[in-house]
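Structure first, then comments.
The values are calculated or read from the model by the stated rules, or taken from the named source; none is laboratory data. These numbers were taken from a predicted model, which means no experiment stands behind them. All Cβ positions, glycine included, derive from the backbone under ideal geometry; neighbour counts span all protein chains shown. Note: areas computed on protein heavy atoms with side chains; ligands, DNA, RNA excluded. Shrake-Rupley method; radii C 1.70, N 1.55, O 1.52, S 1.80 Å.
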Amino acid sequence: MVFGEPLIEQDEIDELLDSVKNSWLGTGKKVAIFEKDFAAYKKAKHIAAVNSCTAALHLACLALGIKRGDEIITSAMTFCGTVNAIIHAGATPVLADIDSNTLNIAPGQIEKKITKKTKAIIVVHFAGRPCDMDKIMQIARKNNIFVIEDCAHAIESEYNSKPVGTIGDIGCFSFYATKNITTGEGGMVISNNQKIISKVKTLALHGLSHDAWKRFSDEGFKHYFVEEAGFKYNMTDLQASFGIHQLKRIDKYWERRKEIWNFYNKELKDLPITLPFAEVKKCKHSYHLYTIRIDKSKCGLSRDEFLQRMHKMNIGCGVHYLSIPAHPYYKKTYHLKESDFPNASIYGRETVSLPLSPKLTREDVTDVVNTVKKILNH
């Protein structure tokens, strides 16, 4: 069983073949359709499709005017892409510890890390659970700093009935192969500020003044000008071919993941492991990752021993993630100590993500549960 295997249906395949047959492989009308549909789904005013969430985060930093010497606070528990985007923007990443229950960045820890150099906070809606955005926005506005929402895990998530990604200044999304909907590789930037998205669109395609598909459209060739030294971060029609149809099934896929989530909760509750924290009222969870914690003192084996045994039983699992301070590069470059981020560090040594995909059958999910029980009841 492959961890995070996406469910690709015939509509995506047909749309992809249509792009191939029409020989439009780059950024074109299908990207524009996907942008329009995603903006409607998220209730966002302005939107830009890009080739990854890491690119989205990088461009978000640049669009906000982040420069060398600035500091951006983010979670000690996230994928390296979040931190790398800050570094590539020229800023210094400043880590804050997480809440040990929700696994999201702790507002109180954010406040402790704010300095005169702090220009933004990147919050990570971890595993699909919304961060405490009321407190975070209050802190941000009080200190006149921007908020970027890393929504890589949280396409469907809502906080107090507000779609995540629309609460801060910019929202960034991922459509990687293992995400809730996929374009293989891909990302999206949303904002209610038109100037931000205009900047993102320009920077995402070499700094050109016109989109490629418009330059070579039926309206005839249009000259372009390089307005900034941009990047090659644009999404292609091949990717959007998947996204257009995946988005139409997003609620159906969400319901299936919720079923699996609830089944895991029911079947695994009596085992000597820690299950995901209970959901919070008025918030919608995306059910992107189902994370359990393997504490050797409670269950008799380490997290890595558990992973090895699951692998031998042909059950693919994930680790999301080692804490950022546990990685040699960040530890050395920014003089980080894992002991300064105890909640993230402990979680990073115990976490295991079980398979959670709409492609899983009842037999698959039952197999996962039975295998976990067999290993832990050794």
| query | Mind checking which pairs have a first residue in the range 215-228 that is over 11 Å from Thr202 (Cβ atoms) and of a type outside the set (A, V, I, L, M, F, W, C) and a second that is in a loop (DSSP other than H, G, I, E, B) and modelled with pLDDT of 65 or more, Cβ under 7 Å, 6 or more apart or different chains? | reply | Arg215/Phe221; Arg215/Lys222; Arg215/Tyr224
| query | Looking only at residues in the range 347-373 that are free of Cβ contacts under 8 Å to residues at least 24 places away in the same chain and part of a helix (DSSP H, G or I), which one is most open to solvent (accessible area, probe 1.4 Å)? | reply | Arg362
| field | Tabulated pairs, the range 80-93, first in contact (Cβ under 8 Å) with a residue 60 or more places away in the chain, second surrounded by fewer than 22 Cβ atoms within 10 Å (Cβ to Cβ) and aliphatic (A, V, I, L, M), C-beta under 7 angstrom, 6+ apart or interchain | value | Pro93/Ile87
| Among the residues of the range 97-120, how many are of a type in the set (Val, Ile, Thr), under 18 Å from Ile66 (Cα atoms) and part of a loop (DSSP other than H, G, I, E, B)? | 2
| note | Within the range 256-281, the count of residues that are outside any loop (DSSP other than H, G, I, E, B) and either of a type in the set (A, V, I, L, M) or at pLDDT below 95 (or both) comes to 2
| task | Would you point out the residue of the range 312-335, among those that are part of a helix (DSSP H, G or I) and not basic (Lys, Arg), that is farthest from Asp364 (Cα to Cα)? | result | Thr333
| request: Enumerate the pairs (first residue in the range 259-287 and touching a residue at least 40 places away in the same chain (Cβ under 8 Å); second residue anywhere and surrounded by fewer than 18 Cβ atoms within 10 Å (Cβ to Cβ) and among the polar types (S, T, N, Q)) with beta-carbon separation below 6 Å, excluding pairs fewer than 6 apart on the same chain, so at least 6 apart or on different chains. | output: Phe277/Asn101; Lys282/Asn160
| Number of the exception - Leu57 against (1) in a strand (DSSP E or B); (2) touching a residue at least 60 places away in the same chain (Cβ under 8 Å) | (1)
| request: Looking only at the range 296-311, decide whether some residue is open to solvent by 60 Å² or more (accessible area, probe 1.4 Å), of a type in the set (Asp, Glu), free of Cβ contacts under 8 Å to residues at least 40 places away in the same chain and in a helix (DSSP H, G or I). | output: yes
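Residues checked against (1) open to solvent by 20 Å² or more (accessible area, probe 1.4 Å); (2) over 25 Å from Lys201 (Cα atoms):
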{"position": "Glu5", "(1), (2)": "yes, yes"}
{"position": "Glu35", "(1), (2)": "yes, no"}
{"position": "Phe38", "(1), (2)": "no, no"}
{"position": "Val50", "(1), (2)": "no, no"}
{"position": "Ala55", "(1), (2)": "no, no"}
{"position": "Cys61", "(1), (2)": "no, no"}
| request: Return yes or no: is Gln239 open to solvent by less than 50 Å² (accessible area, probe 1.4 Å), part of a helix (DSSP H, G or I), at pLDDT 95 or above and touching a Leu at 6+ places or on another chain (Cβ under 9 Å)? | output: no
| The lone exception for His378 - which of (1) at pLDDT 95 or above; (2) more than 23 Å from Cys80 (Cα to Cα); (3) not in a helix (DSSP H, G or I) it fails | (1)
| Can you pull out the residues in the range 225-240 that are of a type in the set (A, V, I, L, M) and over 15 Å from Asn22 (Cβ atoms)? | Val226, Ala229, Met235
| query | Taking the range 349-367, which residues are among the aliphatic types (A, V, I, L, M) and within 11 Å of Ile260 (Cα to Cα)? | reply | Leu354, Leu356, Leu360, Val365
| request: Select, from Gly81, Gly65, the only residue that is part of a loop (DSSP other than H, G, I, E, B), at pLDDT 95 or above and either in contact with a helix residue (DSSP H, G or I) (Cβ under 6 Å, 6 or more places away or on another chain) or open to solvent by 40 Å² or more (accessible area, probe 1.4 Å) (or both). | output: Gly65
| query | Does Ala76 qualify as being over 20 Å from the mean Cα position of the chain (by Cα), modelled with pLDDT of 95 or more and open to solvent by less than 10 Å² (accessible area, probe 1.4 Å)? | reply | no
